[in-house]
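For reference, the structure is listed below as structure tokens.
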Amino acid sequence: MCKASAFFRSWLRLLAALILVCSACRADAQGFISPFLGYNFGGDAGCPQITDCQDKHANYGVAFGALGGLVGFEAEVARTNDFLGASSNQSTNVLTFMGNFMLAPKFGPIQPYGVGGIGLMRTSIESAGQNDDENQIAWDAGGGLIAFFSSHFGVRGDVRYFHALEVLDFSRFPNFPIRETKLEFGRFSVAVVFKF
């Protein structure tokens, strides 16, 4: 009983500290929107590594959220067409929707950041007139650097790694069988950042 009580008290202290930090940071947090363009590499992508890649397929999307002087949060939506490579008889698309926590200390106009989060990865494969769509719970982690040229405009470079946890087959509700297919890849992107 004492161990459970001590554990509960330590979690309450941690929660109170997080609320205090977040409320202090919220005062200087600004909303942002950041459209980006990049390409995938490694893992299941057509490019085996980030450099010397001949088979690049554009990954484009938009991130939005709030960013303060130390922490922030973002949600992002991204899409890649022909993820597994261009083919006349098969089309593969990957759509990601991720929610990320950002650790982003600000040093003047420069703001390096690390991100990590969880979300949904949807793969769509169309081959010989048949569609095969899969929803995967996924996580991502990475980092980058934002350079602000004014209080409301900047640019950023970003490298992230995406990894699917499982594939849920929603066609067999309520028993969701888990398939073994797990998608993973890295992404390099550049973006503009508009703060408001």
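The values are calculated or read from the model by the stated rules, or taken from the named source; none is laboratory data. None of these values were measured; they are calculated from a predicted model. As a convention, Cβ positions derive from the backbone with ideal geometry for all residues, glycine included, and neighbour counts pool all protein chains shown. When the accessible area is computed, the model is the full protein with side chains, heavy atoms only, and any ligands, DNA or RNA have been set aside. Shrake-Rupley method; radii C 1.70, N 1.55, O 1.52, S 1.80 Å.
Restricting to region 93-115, name every residue that is buried (at least 16 other Cβ atoms within 10 Å of the Cβ) and either small (Gly, Ala, Ser) or under 16 Å from the mean Cα position of the chain (by Cα) (or both).
Selection gives Val94, Leu95, Thr96, Met98, Asn100, Met102, Ala104, Tyr113, Val115.
Determine whether region 159-166 contains at least one residue that is open to solvent by 70 Å² or more (accessible area, probe 1.4 Å), at pLDDT below 90 and under 15 Å from the mean Cα position of the chain (by Cα).
Checked against the condition, which is being open to solvent by 70 Å² or more (accessible area, probe 1.4 Å), at pLDDT below 90 and under 15 Å from the mean Cα position of the chain (by Cα), region 159-166 yields at least one hit.
Answer yes or no as to whether Phe83 is aromatic (Phe, Trp, Tyr) and part of a strand (DSSP E or B). I'd like the intermediate steps shown before the answer.
Numbers: aromatic (Phe, Trp, Tyr): yes; part of a strand (DSSP E or B): no.
So Phe83 does not fit the description; no.
Checking the condition at pLDDT 90 or above and in contact with a helix residue (DSSP H, G or I) (Cβ under 8 Å, 6 or more places away or on another chain), which residue from Leu70, Leu37 passes?
Values: Leu37 fails: in contact with a helix residue (DSSP H, G or I) (Cβ under 8 Å, 6 or more places away or on another chain).
Result of the check over Leu70, Leu37: Leu70.
Among Ala63, Ala6, Ala16, which is at pLDDT below 70, open to solvent by less than 50 Å² (accessible area, probe 1.4 Å) and outside any loop (DSSP other than H, G, I, E, B)?
It is Ala6.
Taking the residues in region 116-136 that are in contact with a strand residue (DSSP E or B) (Cβ under 9 Å, 6 or more places away or on another chain) and open to solvent by 60 Å² or more (accessible area, probe 1.4 Å) as candidates, determine which candidate is modelled with the lowest pLDDT.
First, the residues of region 116-136 that are in contact with a strand residue (DSSP E or B) (Cβ under 9 Å, 6 or more places away or on another chain): 116-128, 131-136.
Subsequent filtering for residues that are open to solvent by 60 Å² or more (accessible area, probe 1.4 Å) retains 118, 120, 122, 126, 128, 131-133.
Values: Ile118: 94, Leu120: 92, Arg122: 90, Glu126: 80, Ala128: 71, Asn131: 77, Asp132: 78, Asp133: 82.
Among residues in region 116-136 that are in contact with a strand residue (DSSP E or B) (Cβ under 9 Å, 6 or more places away or on another chain) and open to solvent by 60 Å² or more (accessible area, probe 1.4 Å), the one modelled with the lowest pLDDT is Ala128.
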